[in-house]
Amino acid sequence: MKRNRGKSASARPEPQPADGRQPSGGDQICEEIRHGGGGGARRLAKRLAVAKADFEGFRDQLFSLQAEGRLIRVPTESGSKWELPERTPLRVGKLQLDRRGSGFFRPADRAEDDVFVRASHLADAFPGDLVLVRVTSDARGDRLREGRVVEVVERGRKPLRGTFWRGKEGGLVACDDPRIPSDVFIPADGIEKMKDGGRVLVRLTMGSRGRFPLGEVILVLTNEDSLEADFEVVRAEFDLPVEQPAGVVEEADALPAVEDGASWPDRTDLRNVPTFTIDPEDARDFDDAVSLESLPGGKLRLGVHIADVSHYVQPGSLIDQSAEFRGTSIYLPGRVIPMLPERLANDLCSLRPDEDRLAKTVFLVFSSEGRLLESEVCRSVIRSRRRFTYGEALAILDSLEGKEVPAEDLPPDRDEYEPILERMAFLRDALLDVRTRRGALFLDLPQLKVRVGDNGQVDSVDREEGDPAHSLIEEFMLAANEAVARFLQDQGLAIIARVHPAPTDEKIADFREMLAALGLDLRARPEVGDLQKLVDKVVGGPLAVTVQIALLRTMGHAEYVPKADLHYALSTSSYCHFTSPIRRYPDLVVHQILEEHLRDQGMTSERRVHWSQKVEGVAPHASKTERRAEDAERAMQAAALIRFLSPRLGEEMGGSIISIFPFGFFVRLDELPIEGLVPVATLGAYYEFDPSTQTLEPAGRGRGKGKGKGKGKGKGKGRGGGKRSPAASFRPGQRVRVKLTDLNSAARQISFELAE
């Protein structure tokens, strides 16, 4: 077999633009303001030597930095200037409203606490708006910081459902969402075909007409009683790019297929190596396969083979531009919005059995004891022999461990694959052991799987737990990602790293305060291993979900950056995404970099600079599109859950309290990992939230004397309106019986009341 191996390590050159000047990235802009002071956009552009032709893009970058919370556009008498947040009392972030009309401002800088905004201080802001808020008072006791809206920077993208009524000079939409305090005015030129009483989807725009905010109708709703209608709402809310442009589809359809048996002299030929895929039963794309070979001396060579999308998607092509814009595939209940055209995702790059396919392969060589000895990255051609579902692989693995497995669950060819899967399980355990010893974090939170039938309705909602088959593939993919990141670093190549920042000191302090209220300890500066010990301590107990969800909220969000850095949860500084180029653009860019380097036996300094500049722009955009996909997936899952639970309104269910706030507490059900709110208004009397004990106590009973900072989103007290005796207090982990009482599709919220 001819091999095109990755070259040995070399010193990484410092990338420089062709003119010797560093590009004006976000970090450079912030540093210029930090050291040279704030200023208007044109003054800053002059200080940073931004060309006139690039000014519009530079100004857009300033607004992007504001949306991220890194800069603030401060109003002045002569206009405005850009400044660092810490130098002003202003903050930028998203606004949320409760049913009483008060607001909770969440700063874009997630390290900062929320700010309470009274209804009288909202100006003309609405839920989901990006707003500029002036902080007027600091947190005191269990009270949040308070502030007032100074300016609406950008209207929220979430559309509102409502009923249209025609007027003399336009129309009004009465919104379903009770948090919207007024009707929305629709100008006359947008209502020609509208009918009184019609159901519509409206999006707020900047400005107002008298006391009514301005809006535009973006969709007339014809059949709201379907998941398809929910999808149209989510599609509009997040501007999901559903259809592929015609030119992209034509370019993909013109790509030639790989001929079976064709010669590929510049690739490592692995078609005789037993290779197979393991995927979900309903998987639509198969972009990864695995193999295992025995080497002399008892060594084992694991092969992780990833569809070579970069062979087909050339940098700068229409397909590449479209994939960059989309950033990721979006997986919604009952449908997928793919990043790549179907010709690529489900055909040319799908590692189907008994078909030659091009791949990027990562070889990982292990000793007989399971110690990783070396790794290699190469361009290859493979031929998968088998497609396993996770269920089939799990049945074989369980039988190997001596568990009773129904005969009908075992595939007929299990004897052929049992030895390979047994050795793969050994390597999985070895990789898990290495990650455990270096301090990686493992959480144990079940996920939801929503299944949609051919009729477009929700068929079932099931609990998904981890299992040995899933963890086998997960460990192999993690190891391949890490090996590729190390290779890129060793070769001095550009990288889109996947990083996960460590929690801030303030977040850790808040987490420790919550733990103390629950009777748990954590040292002031914990290592990842300390967090894992905490998780291990609570798993299986009543506080397991409460602690793990709080821990997730304590940690930062993983993101893409154009240089290697710490991935806190994995405890490594060498990590990137490589294994899913069909559905993630950062993976595709990594493949394109590898393709050029491996194919050409190295990369020139000019090309290194090109790719370094390329990843500077791709990384933040990829993080943004990933967040959009996650938000859309959560919104559609919530909509599907509301439809699934609708026939069960009034049912009693068991669950546990997972978090408590002044306005009520959230309960996670035992039957399924579904959460809903028990509003304090349903509890029957005045209750006080005590942050030092994380409890809701009947007013006047007497409170703890802790010095909690009061992270609950409210002012510490809530009034119940029911007939329930106020004798009970409520704390995280407490078992409760609840009744499903409300399903709010507008707010995508599930509400319970305590069962009598």
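The values are calculated or read from the model by the stated rules, or taken from the named source; none is laboratory data. Because the structure is a prediction, the values reported are computed rather than measured. When we count neighbours, we look across all protein chains shown, and the Cβ atoms used for this are built from the backbone with ideal geometry, even at glycine.
Look through the stretch 356-377, keep the residues that are charged (D, E, K, R) and outside any loop (DSSP other than H, G, I, E, B), and return whichever of them is surrounded by the fewest Cβ atoms within 10 Å (Cβ to Cβ).
First, the residues of the stretch 356-377 that are charged (D, E, K, R): 356-357, 360, 369, 371, 374, 376.
With outside any loop (DSSP other than H, G, I, E, B) added as a condition, the list becomes 356-357, 360, 374, 376.
Values: Asp356: 17, Arg357: 25, Lys360: 27, Glu374: 11, Glu376: 17.
Filtering the stretch 356-377 for residues that are charged (D, E, K, R) and outside any loop (DSSP other than H, G, I, E, B), the one surrounded by the fewest Cβ atoms within 10 Å (Cβ to Cβ) comes out as Glu374.
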Q) Are there any pairs, at least 6 apart or on different chains, whose C-beta atoms fall under 7 Å, with the first in the stretch 189-214 and at pLDDT 80 or above and the second of a type in the set (S, T, N, Q), and if so, which? A) Gly197/Thr163; Arg199/Thr163; Phe212/Ser182; Pro213/Ser182; Leu214/Thr205; Leu214/Ser208
Q: Report yes if Arg486 is basic (Lys, Arg) and either over 25 Å from the mean Cα position of the chain (by Cα) or not in a helix (DSSP H, G or I) (or both), otherwise no.
A: no
Q: Determine, yes or no, whether Ala483 is modelled with pLDDT of 95 or more, surrounded by 19 or more Cβ atoms within 10 Å (Cβ to Cβ) and in contact with a strand residue (DSSP E or B) (Cβ under 6 Å, 6 or more places away or on another chain).
A: yes
Q: Go through (1) under 19 Å from Phe276 (Cβ atoms); (2) outside any helix (DSSP H, G or I) one by one and return the number of the condition Asn346 breaks.
A: (2)
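From the list Ser612, Ser605, Ser692, Ser659, pick out the single residue that is of a type in the set (S, T, N, Q), over 25 Å from Leu743 (Cα atoms) and not assigned by TED's automatic domain parsing to the domain that holds Ser329. Explain how you work it out, then say what you get.
Working: Ser612 fails: not assigned by TED's automatic domain parsing to the domain that holds Ser329; Ser605 fails: not assigned by TED's automatic domain parsing to the domain that holds Ser329; Ser659 fails: over 25 Å from Leu743 (Cα atoms).
Answer to the selection: Ser692.
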Q. Is it the case that some residue within the stretch 741-748 is at pLDDT below 80, polar (S, T, N, Q) and either surrounded by fewer than 20 Cβ atoms within 10 Å (Cβ to Cβ) or outside the structural domain of Ala509 (by TED's automatic domain parsing) (or both)?
A. no
Q. Any idea how many residues of the stretch 576-611 are out of contact with any Pro (no Cβ under 8 Å at 6 or more places or on another chain) and either among the polar types (S, T, N, Q) or closer than 14 Å to Ala502 by Cβ (or both)?
A. 4
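Out of Pro353, Pro341, which single residue is surrounded by fewer than 20 Cβ atoms within 10 Å (Cβ to Cβ) and either in the same structural domain as Phe578 (by TED's automatic domain parsing) or modelled with pLDDT of 95 or more (or both)?
On the way: Pro341 fails: surrounded by fewer than 20 Cβ atoms within 10 Å (Cβ to Cβ).
Answer to the selection: Pro353.
Considering only residues that are touching a residue at least 40 places away in the same chain (Cβ under 8 Å) and either buried (at least 20 other Cβ atoms within 10 Å of the Cβ) or of a type in the set (D, E, K, R) (or both), which ones fall in the stretch 463-477?
Arg463, Asp467, Ala469, Leu472, Ile473, Glu475, Phe476
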Q: Output the residue which, of all residues in the stretch 573-608 that are at pLDDT below 95 and in contact with a Lys or Arg (Cβ under 8 Å, 6 or more places away or on another chain), is surrounded by the most Cβ atoms within 10 Å (Cβ to Cβ).
A: Arg599
Q. What single numbered condition from (1) under 26 Å from Asn455 (Cα atoms); (2) surrounded by 15 or more Cβ atoms within 10 Å (Cβ to Cβ); (3) of a type in the set (D, E, K, R) fails to hold for Arg634?
A. (2)
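Could you tell me whether the stretch 275-283 includes any residue that is within 29 Å of Lys158 (Cα to Cα) and surrounded by fewer than 19 Cβ atoms within 10 Å (Cβ to Cβ)? Spell out how you get there, then give the answer.
Taking the stretch 275-283 and keeping what is within 29 Å of Lys158 (Cα to Cα), we get none.
Checking the stretch 275-283: not a single residue is within 29 Å of Lys158 (Cα to Cα) and surrounded by fewer than 19 Cβ atoms within 10 Å (Cβ to Cβ).
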